[in-house]
Structures are given as C-alpha cells and as structure tokens.
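Trainee: Can you read through this structure? Questions will come right after.
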Amino acid sequence: MNPLSFLRVLFGLVTAIGLAVVSSLVQADPLPGGSYQQSCRNLSADGGTLRGECRTRGGNWTGTRLDNIHQCVGDIDNEDGQLRCSRGAAPPRGSYSGSCRDIWFASDTLHAGCADRAHGWSATSLGEISQCRGDIANMNGQLHCDKGAPAPPGSYRQSCRDIVHVDGTLRASCQDRNGAWIASTLNDPYRCVGDIANMDGVLRCNRGGSTPPGSYQRACRDIRVSGINLFASCRDSHGAWIPGSLDNYAGCVGDIFDFEGRLACRRGAMPTGSYTLTCVDAWLDGDTLLAHCSSAGGGVIPAALDRAAGCVAGTVENRNGGLVCDRGDRPAPAGSYRQSCSDAALSGTTLSANCRLPDGASMGARLDTAGCRGDIANIYGHLACAKGNGDPPPGRYRSSCIEVRMTGNVLSASCRTSRGNWLPTSFIVQGNCPSVDNAEGRLRCTSPQKLPPPAPADAGYKDIQFNNCNQDTGPDDQHRPVSVWFFDVTVNGGEGWRRVGHLPAQYASNGQCPFDEGGQPIDPDTLELVRFNGWNDQHWFNVKVVDPGMPACGGQDDPNAVNCVRYAFRIKANKDGESFTLRVN
C-alpha cells in the first residue's frame, strides 16, 4: 500500500471511533439530584435507569438500580444500600418526618425507617395513606395515623396504633403488658362514659354510670364500670400495672382502695382486735384477713391472716407487721413466746402455736400448761415453761433447755447441744452455785464457788502435794485437768504469775480417785516451794488452781480470769517444813 492509501485508511478509522464516542456521550442521561449521592458511588443514568453502588448501614457496598427515575417525586435516597424514591406524589407531611429517615412513597403506601424508644431504627410502612385523618406519627418505630371517621379521644392513644374508626367500630393494635401488639375492637365508642383505655392490649371503656369514689382513683388507671362491676389497672408492690375487677362494688362499706395491685374494700363485719390501731386497708378475701400494718422498723408492709373466722373475738393483733390471733376455747396465756409464735390456741390446758426458729422457718409446737411456773417461752421452736415444786435457779440454760423441772434441789431438763441434739440432764443445785449454764447438753454451775482448802500454817511448807480428783468433765466426758500457778509476793511486789504444773485427773476406769488404771492408789503430784532454781525460802506465794473447762471460763488457762480459778490461797515457803496436801475436787 502506498503512503497516500495508508493515510486514507487511518483517517477513516479515527473518524469512526470518534463518532462512536460522541454517540455514547450523547445517549448517557444526566444524574438526577438527591441525597443518595452522599452515600453511593460509580453512578450512571441510562434510559431512565439509575445504577450504582450504595453503602449499607453496616458499612458494606452493594450494587443497586432504580428504574423509571423520571417518575420520582422529591428526593432519591439510599435506604440501607438500595436506591428509593416516591412516585406519583410527594410523601405526605406529618410529625413522623422528624424522627424517620429513608422516606419514600409509592402505591398509596408510605415507607420509612423510624427511631424507636430503644434508640434503634425500625423499617416500617403504612398503607392506605389516603385514608389518614390528621397527623401521621412515629409511635415507637412504627408509622401510625387515624383512619375513617374521627377516632374518639382517650388514654388508649398512648399505647395503641393503626387506629381506625369505621361504621361505628373503633379498631386498633394495642400493646399488652409484655409489649406485644394485640388487635382489638370497641363498638360504639361514642357511647363510652369517660376514658377509653388500653387494658392489657384490649380496648375498654365505661358504659355504666359514673365510677364510684375511693382512694383507688389516685393509684389506678383504666377505670371503668360495667353493670355492677368496677374495673381498673392498679400498681402492685413491684410497680407493675395489674388489670383487675371488683364485683358488686355497691356492696362495699367505706373506701374502695388499691391493695398490692388489687381493687379491694370492706364488706360486712370484720375481725376485731388491737390490729385496727396500727393497720390500714384491712379487708377480707374469703376467710383471709389482709391489711397494711406498721412494723418495728417503721415501715408499713402487707400482712395476711388465714382462717380469720377461727380467731377468738378481740384477739387479732399486729405483731411487728404480721397479723396473729388466739384460736381455741379461750385466749392463749401471756408469755414471751407471743413475740415469735403465731396462731396460738388454748384447748383445755394444751397450748398450740406456730413458733419461729432462729433461721426464720416455723414449726408447730404444743405444751401442757398445767403446772407452769413463770414465763412460757419459745426455745428453738418448742413451747417451754418451768415446772416442779420450786423455782428453778437463774442462768443462761433457760434459753437452750426445755422440759425444765425443779424437784427438791434437783434441777432436770432436756438441753440442746451445739449440733442441735437434745440431751436429758440433771443437776444438784447447792447453795454455793449462783447460776446454771448449759454446757453441750449438760447442766453445770456457771461460776462454782468451791470451798477453800485448809489454810496453810504460818510456819510454812517445803512443797505442795496435789491430787487432781476434779469431779467435772469436758465434752469428751473425761474428768478435766487443771494447772497450778505461783506468784512470789515477797520479791518487790512479785515477778508475775508463773505456771508450775499441769495436772491430769487421777481417776481409774472404775471411777475411783486418786487411783491408776490398774486400780492402785496413785502418788500425788509434788510442786516444790523451795528449790535451787529460784523459789526462795521464807517467801510468801499466792497459789491459784486454774480449770480452763469451767463453763464461764471460755477455755482460758489464765490465773487473772476470775471464772477460770478453782482454788486460790496464800502459802509460806520453808525448806525445813512439811508437805502441804491439797485434793482438787
């Protein structure tokens, strides 16, 4: 090919490419305006179709298209990655636009994403927009409007949606106490007297006369009357609204009130007693007496008393916020048990009651009151009193022993151990025992005042010879050891107490003392007063015999603890003296 022909071919090719490019540019449509351009990319418009990639709420990019964009009215927007617009007419006005986004309108249906109470966004739509009367609103993420004839006012509008009033019937979707939407209808709403309310997802109103007066009106809502019955929702102790009713409210005597979320009132005669001075809102639910009663802590708490008809007249009382009464053929006797026992009844001489345990549980208890001396008490759920021909001695055993009886100078009882067992025990009460204690189910003198040993002579002794025949035993039923302490009072006021011996009991297996296990007499334990390691001749010593197992001692091996000292005396040391003999009993 000659050069001229080559140039002609090249010119023709360039011309064809240029015409194709120009033709393409001429056919492309301009991009329509809209908020979609803020969150979409790679956009193009061709033949009335808008294409591109739009960002979703999760941040991803997705391909999308919108046909017939020439029909769009108003904004074209990105609705979670999809191009949307309204067609035929602009979206209707309404308060919903202040809390909704991605709004578009087509085929008489309004679409949007609306904010709910949890600050989330809910996709919602509302059909038959042309039937809406008044405002279109966002109700907790859902589009809502009134349709048909004007809907009547009422508190139901705060928790219902999709309200329509057509042919004399009010229709709506109303929330129940669990938050679910329930379809409900109410005929002839303009015949309602007073408020139209949503009662747990159901439209209700009062069609009777005016609602009766009462304090319930300050604490309840959705109040209505139907015939002789009163309906309302009242708050319980947890603040929840409980729908309920009161049958034949005309039979109420006095106030109608809210009792823990229930409509209540008095009807007829009420049980009598001192509870009326410290309790309010008292009423009978069948045979159960209910009231709000003052407690020792200063608060007012709900109280209930079952089988109220069985109470002795005039005996119902408020005991620390609880209702109790006497039951039986005559009033129950007085006693400290009444502070922690309920339903006390006396039939003949038998007292019965439900008595509280230390852990708060209760148990049934019975006691034959014949022969009781002094107080009747609740001892670990047991009714107890002292009996016998004499007054029992004082002491802490009274709080953990039952079946207490004094016969002559013998005290007997069943006493509780730390493991919760009850052991029968007895004790001879002597004049030198000021009080009695319960030591692991055994009665013992709290601080026994032992008779002192014979007074040592002023001439002095070279040593003290001890036989430990301690009659008292420990939890293991073994006779207890003792320890001996010396205090040299001659040396400038003394050098302090020093323990000089720990003496085990000297009992044989047959119970003889002082004997060894073989049944032979055993030598005493000798503690020297004069020796080469510091005890001085002619010095005076204070001596104390300590028994850590004594009930009020608490296990202390301490001569300064008064309740631990079994014997105490003063003795003089003399290296040429005899031995001083002491038997610990």
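Here, each number is a calculation from the coordinates, and none is a lab measurement. None of the values given here were measured: they were computed from a predicted structure. Using ideal geometry, Cβ is built from the backbone for each residue, glycine included, and neighbour counts are taken over all protein chains shown.
Trainee: Can you give me the C-alpha center-to-center distance between region 243-312 and region 528-585, rounded to a whole angstrom?
Mentor: So the separation of the two Cα centres works out to 70 Å.
Trainee: Continuing with the same structure: Which of the GluC sites (Glu not before Pro) found in region 510-585 are in a DSSP loop and have at most 16 neighbouring Cβ atoms, other than their own, within 10 Å? Walk me through the numbers before you get to the answer.
Mentor: Values: sites: 517, 528, 578; in loops: 517.
In loop regions of region 510-585 (DSSP not H, G, I, E or B), the sparsely surrounded GluC sites (Glu not before Pro) are 517.
Trainee: Kindly state, to the nearest 0.05, the FRET efficiency for residue 210 paired with residue 295, given R0 = 30 Å and r defined as their beta-carbon distance.
Mentor: FRET efficiency, residue 210 to residue 295: 0.20.
Trainee: Which FRET efficiency value, to the nearest 0.05, is calculated for residue 93 and residue 247 with the Förster distance at 51 angstrom and r the Cβ-Cβ distance?
Mentor: That pair, residue 93 with residue 247, gives E of 0.55.
Trainee: Between residue 407 and residue 166, with labels modelled 7 Å along Cα→Cβ, what's the label distance in nm to one decimal, could you check?
Mentor: Result: 9.4 nm between the two label points.
Trainee: Could you work out [θ]222 nm for the chain from helices alone, using -39500 (n - 2.57) per DSSP H run of at least four and dividing by all its residues? Round to the nearest 500 deg cm²/dmol.
Mentor: Mean residue ellipticity at 222 nm (helix-derived): -1500 deg cm²/dmol.
Trainee: Specify the angular offset, from 0 to 90 degrees and rounded to the nearest 10, of the alpha carbon long axis of helix 3-27 from the longest principal axis of the alpha carbons in the chain.
Mentor: On a 0 to 90 degree scale, this one is about 60.
Trainee: Once the dipole of the chain is set up with Lys and Arg at +1 and Asp and Glu at -1 on Cβ about the Cα centre, which of 412, 109, 429 lies farthest towards its positive end?
Mentor: Farthest towards the positive end: 109.
Trainee: Contour minus end-to-end for residue 117 and residue 133, with contour as 0.36 nm per residue of separation and end-to-end as the Cα-Cα distance?
Mentor: That pair, residue 117 and residue 133, stretches by 3.3 nm at full extension.
Trainee: To check you understand DSSP bridge types, tell me what percent of the beta bridges within region 134-267 (both residues inside) are antiparallel, rounded to 5.
Mentor: Roughly 95 percent of the beta bridges in region 134-267 run antiparallel, per DSSP.
Trainee: If R0 is 51 Å, what FRET efficiency do you get for residue 490 and residue 373 from their C-beta distance, rounded to 0.05?
Mentor: Result of the calculation: an efficiency of 0.40.
Trainee: So how many Lys-Lys pairs in the chain land under 26 Å Cα to Cα, not counting same-chain pairs under 8 apart?
Mentor: 8
Trainee: A further question on this structure: Work out, step by step, the length gained on full extension between residue 61 and residue 29: first 0.36 nm times the residue separation, then minus their alpha carbon distance; give nm to one decimal.
Mentor: Numbers: separation 32, 0.36 × 32 = 11.52 nm, distance 2.34 nm.
Once the chain is fully extended between residue 61 and residue 29, it gains 9.2 nm.
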